[in-house]
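The values are calculated or read from the model by the stated rules, or taken from the named source; none is laboratory data. These figures come from a predicted structure and were not determined experimentally. No Cβ is skipped: glycine too gets one built from the backbone with ideal geometry, and neighbour counts run over all protein chains shown. Side chains included, ligands, DNA and RNA excluded: accessible areas come from the protein's heavy atoms. Shrake-Rupley method; radii C 1.70, N 1.55, O 1.52, S 1.80 Å.
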Amino acid sequence: MEETKLSKKEIEVLELIAQGLTTQQISKWLVLSESTINNRLQNVYLKLNIEGQNKKLKAVLWYINKFGVR
């Protein structure tokens, strides 16, 4: 996957997904709508050029490879 700079907010969402939270749980944790969380995920997929099935898994694997498990 191409090296692309993600925003701090996008990385925050990826970190919470890597920890096993659902988009609903993340929206409650960050006090944002699920729509906002899904928009951030879509931006991640676009920036990392992630397509096809298992987009969320591919994004989490990118995160773990880049930052490790926190």
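Would you please name the residue that is nearest to K8 (Cα to Cα), looking only at residues in the range 20-70 that are aliphatic (A, V, I, L, M), open to solvent by less than 70 Å² (accessible area, probe 1.4 Å) and free of Cβ contacts under 8 Å to residues at least 24 places away in the same chain? Among residues in the range 20-70 that are aliphatic (A, V, I, L, M), open to solvent by less than 70 Å² (accessible area, probe 1.4 Å) and free of Cβ contacts under 8 Å to residues at least 24 places away in the same chain, the one nearest to K8 (Cα to Cα) is L30. For the criterion of being more than 11 Å from the chain's Cα centre (by Cα), outside any loop (DSSP other than H, G, I, E, B) and not aromatic (F, W, Y), Q24 passes.
Just name the residue that is nearest to the chain's Cα centre (by Cα) out of those in the range 29-52 that are of a type in the set (D, E, K, R) and closer than 22 Å to V69 by Cα.
R40
Screening Q53 on (1) part of a helix (DSSP H, G or I); (2) at pLDDT below 90; (3) not basic (K, R) shows it passes everything except condition (1).
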